[in-house]
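A short worksheet on the structure shown next.
Please treat every number below as a calculation from the coordinates, not as lab data. The structure presented is a predicted model; accordingly, all values stated were derived computationally and were not measured. Here the Cβ is made from the backbone with ideal geometry for all residues, glycine too, and neighbour counts use every protein chain on show.
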């Protein structure tokens, strides 16, 4: 198991060896001692799974009170996974990084607390699993606009394609209008 830095400090790709043969494959997705040795979170209190169809965009989500760190992986399909630094005092405020995650590739993304997270489904369907460092709090759940020009995420959409969004994500404020971390 090892980590790969991204262009956004704190967001890392966790690589786990994948052992495959004619029967399928095996990979270890979490090992407390190995994660600790790599400087990653080892205390998770909630696991979540979502299933979405092609063109669904979920995000950009974060929890303002009791922010969540997330360890994200794909168990079926493929996604374009995005993290945005939303700490106003950070030198990387408003910067983003994206990683394409595909089931069985042995890669996960660690998204630290105080970052917004979202993803676009690239395959016909995708199952996304993520471990969280704090419990979900509906009253604290926030989002910012997926296509905020001040962030400028380059989503891999076909020309004229509009992603499928929840009502909440459709009504999300821009980053500069949202309550964020200082």
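When the P(r) is computed for the stretch 1-98, the part past 17 Å accounts for 64% of the Cα-Cα pairs. Among 138, 103, 172, the residue with the largest mean-square fluctuation in a Gaussian network model of the chain, with springs joining Cα atoms closer than 10 Å, is 138. Going by neighbour counts of Cβ atoms within 10 Å, the residues 47, 105, 21 line up, fewest first, as 21, 47, 105. Entry note: the stretch 5-53 has Rg to Rh equal to 1.03, where both radii use alpha-carbon atoms and Rh is the Kirkwood radius. Here the residues 38, 71, ranked from fewest to most Cβ neighbours within 10 Å of their Cβ, fall in the order 38, 71. Averaging 1/r over each pair of different alpha-carbon atoms in the stretch 124-164 and inverting the result gives 13.8 Å, the Kirkwood hydrodynamic radius.
What the Cβ-Cβ distance of residue 2 and residue 36 gives, at R0 = 22 Å and to the nearest 0.05, is a FRET efficiency of 0.95.
Gyration tensor over the Cα atoms of the chain: the corresponding equivalent ellipsoid has semi-axes (square roots of 5 times the eigenvalues, largest first) of 26, 20, 15 Å. In this calculation the C-beta distance from residue 137 to residue 158 is compared with R0 = 35 Å, giving a FRET efficiency of 0.45. With the highest mean first, a sort of the peptides 57-64, 114-121 on other beta-carbon atoms found within 10 angstrom per residue produces 114-121, 57-64. The label point for residue 75 and the one for residue 170, both projected 7 Å from the Cα toward the Cβ, are 3.0 nm apart.
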